[in-house]
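Enquirer: Just dropping this structure here.
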Amino acid sequence: MSTKPSIAVVGATGAVGREMLTVLEQREFPCSSLRVLASPKSAGSTLEFGGRRVTVEPMEAGALEGVDIALFSAGSGVSKQFAPPAARSGTVVIDNSSAFRMDDGVPLVVPEVNPEAMAGLIAARRASRGKPAGGIIANPNCSAIIMLVALTPLRRAFGIERIIVSTYQAASGAGARGMAELESQTRAVMAGGPAVPEFFHEPYAFNLFSHNTPIDPESGLNVEERKMIDETRRIWNDAAVRLSPTCIRVPVLRAHSESIHVRLRHPATTARLREVLAAAPGVKIVDERATNRFPTPLKASGGDDVLVGRIRPSAGEAESDRDLGDPYTEFDLFVCGDQLRKGAALNAVQIAEMLIIP
């Protein structure tokens with residue numbers, strides 16, 4: 001692929017699509033041309049990129065002709081309709097929906113975690129000598145991305161036997177409509193009115209509730225929790241990994257938080273755990289016990305790193321006769337990451353950067 005591929009952003013007017021444009025510009029992605037596409041109702045509007053206005057084109061058959069890399073964030077329906085024919089025509093589609101995440105032959109990629117999953121596609125691009133060699137790459141679920149960026153360094157260093165995670169997911173995870181509902185309900189409540197749900201199934205302002213995806217009546221898992229389990233197993237290539245998630249929507253505008261309990265296969269001291277995390281790409285430690293300064297959604301918002309703090313041995317182990325400086329197998333962490341960036345747009349752009357062949 002040329003060092004300056006042609007790029008398209010599909011779903012460019014949505015929250016993630018706009019963030020993709022921001023990330024492409026901030027990282028000075030070397031594109032030869034840029035097209036922005038959305039639904040027909042958005043066609044003709046303009047978006048800013050690189051100090052100029054770019055006209056939104058309708059997403060329709062043939063719209064991606066001649067495009068090297070297409071970043072999709074327009075929902076599973078659009079992805080299923082347009083991604084396969086684009087890939088057959090030579091475009092590499094990086095898809096942010098859940099449409100292809102569990103498909104055999106479609107890499108599910110977090111660049112800091114499993115870049116090797118793209119080896120086959122990258123080899124095909126090299127062998128094509130610049131000629132079309134398309135394919136589809138899936139961007140994982142946002143909560144899974146944030147968790148795995150924090151936990152994969154620990155898995156590599158010590159092994160992981162079990163994870164218990166509770167997520168506190170912001171409105172940004174539901175897109176522009178979710179963010180707008182939180183803002184409008186908050187204004188209504190502050191003015192003395194009720195928080196009337198229209199997009200979500202529960203009042204959102206000054207409230208929290210189980211993630212707004214259907215719940216399986218047998219397992220009791222909602223769709224978001226199932227995604228975290230299935231996608232973690234696929235990304236780590238470990239069908240036996242034990243993961244118990246609880247996903248909650250909280251009245252935060254942007255950036256997801258997660259409380260994680262992890263059981264290591266091999267014991268580690270807290271100091272050694274911190275060393276591993278501090279050296280990990282995409283991770284920033286925010287763990288100031290003396291001043292009670294730890295990760296927050298506000299600190300994570302707009303940033304590229306996953307913030308990790310509250311790093312401590314699990315209380316059950318720490319209350320034993322051992323010294324806190326001894327090795328432990330169970331630890332607790334609190335992490336925050338910007339869902340629109342590392343949980344979506346940034347991860348997609350990082351994948352695109354891996355496709356550029358000098």
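Enquirer: Go through region 150-241 and name the chymotrypsin sites (Phe, Trp or Tyr not before Pro) that are in a DSSP coil and have 14 or fewer other Cβ atoms within 10 Å of their Cβ.
Expert: Phe206
Enquirer: Going down the list Lys41/Lys299; Lys80/Lys227; Lys227/Lys284, which pairs span over 30 Å between their C-alpha atoms?
Expert: Pairs exceeding the cut-off: Lys41/Lys299.
Enquirer: Length gain on complete extension for the stretch Ala43 to Ala180, per 0.36 nm per residue less the alpha carbon to alpha carbon distance?
Expert: 47.1 nm
Enquirer: How much FRET efficiency would the formula 1/(1 + (r/R0)^6) give for Asn207 and Lys80, where r is the Cβ-Cβ distance and R0 is 35 Å, rounded to 0.05?
Expert: Efficiency computed from Cβ-Cβ geometry: 0.55.
Enquirer: How big is the dipole moment of region 145-282 about its Cα centre under a simple scheme where the beta carbon of each Lys and Arg is +1, that of each Asp and Glu is -1, and everything else is neutral? Debye, nearest 20, please.
Expert: 640
Enquirer: For region 165-171, take each phi angle, set θ = phi - 60°, evaluate the Karplus expression 6.51 cos²θ - 1.76 cosθ + 1.60, and give the result in whole Hz per residue in order, putting x for glycine and proline.
Expert: These are the phi-based 3J(HN,Hα) values: 9, 10, 9, 10, 9, 7, 4 Hz.
Enquirer: Taking the alpha-carbon centroid of each part, what is the distance from region 186-210 to region 64-121 in angstrom?
Expert: Centre-to-centre distance over Cα atoms comes out at 36 Å.
Enquirer: Oh, and also: Would you mind getting the accessible area per residue of region 198-266, heavy atoms of the protein chains only, 1.4 Å probe, in Å²?
Expert: Values: 3380 Å² over 69 residues.
On a per-residue basis, region 198-266 sits at 49 Å².
Enquirer: Can you work out the accessible area per residue across region 18-103, with the rest of the protein chains kept in place, probe 1.4 Å, in square angstrom? Numbers along the way, then the final one.
Expert: Values: 4040 Å² over 86 residues.
Here the per-residue accessible area is 47 Å².
Enquirer: Another question, then. Compute the length gained on full extension between Arg274 and Ala188: take 0.36 nm times their separation in residues and subtract their Cα-Cα distance, giving the result in nm to one decimal.
Expert: My answer for the length gained is 26.6 nm.
Enquirer: Which of these, Val110, Val67, Val335, has the largest mean-square fluctuation under a Gaussian network model of the chain (Cα springs below 10 Å)?
Expert: Val67
Enquirer: Continuing with this model, one more query. Measure out, as a whole number of angstrom, how far apart the alpha-carbon centroids of region 328-358 and region 240-257 sit.
Expert: After rounding, the separation between the Cα centres reads 15 Å.
Enquirer: Put +1 on the Cβ of every Lys and Arg and -1 on every Asp and Glu Cβ in region 1-148; which of Gly66, Val16, Pro30 then has its Cα farthest towards the positive end of the dipole?
Expert: Gly66
Enquirer: For Met20, Met190, Met354, what's the largest-to-smallest order of accessible area, 1.4 Å probe? All intermediate terms of the calculation are to be shown ahead of the outcome.
Expert: Working: Met20 0, Met190 140, Met354 55 Å².
Reading off the accessible areas and sorting them downward yields Met190, Met354, Met20.
Enquirer: Figure the gain on full extension for Asp326 and Leu253 (residue separation times 0.36 nm, minus the Cα-Cα span) and round it to one decimal in nm.
Expert: 22.3 nm
Enquirer: Let me ask you something else. Kindly provide the helix-only [θ] at 222 nm of the chain, computed as the sum of -39,500 (n - 2.57) over DSSP H runs of four or more divided by all residues, to the nearest 500 deg cm²/dmol?
Expert: Result for the chain: -9000 deg cm²/dmol, rounded to the nearest 500.
Enquirer: Got a sec? Charge dipole of region 113-244, +1 on Cβ for Lys and Arg, -1 for Asp and Glu; which of Thr232, Gly135, Leu151 is way out at the positive end?
Expert: Going by the Cα projections, it comes out as Gly135.
Enquirer: Of the accessible area of the chain, with the probe set at 1.4 angstrom, what percent is carbon plus sulfur?
Expert: For the chain, the apolar C and S fraction of the accessible surface comes to 50 percent.
The values are calculated or read from the model by the stated rules, or taken from the named source; none is laboratory data. Fair warning: this is a prediction, and the values are worked out from it, not measured in the lab. Cβ: placed from backbone, ideal geometry, glycine included. Neighbour counts: every protein chain shown. Side chains are part of the model used for accessible areas, which takes the heavy atoms of the whole protein and leaves out ligands, DNA and RNA. Shrake-Rupley method; radii C 1.70, N 1.55, O 1.52, S 1.80 Å.
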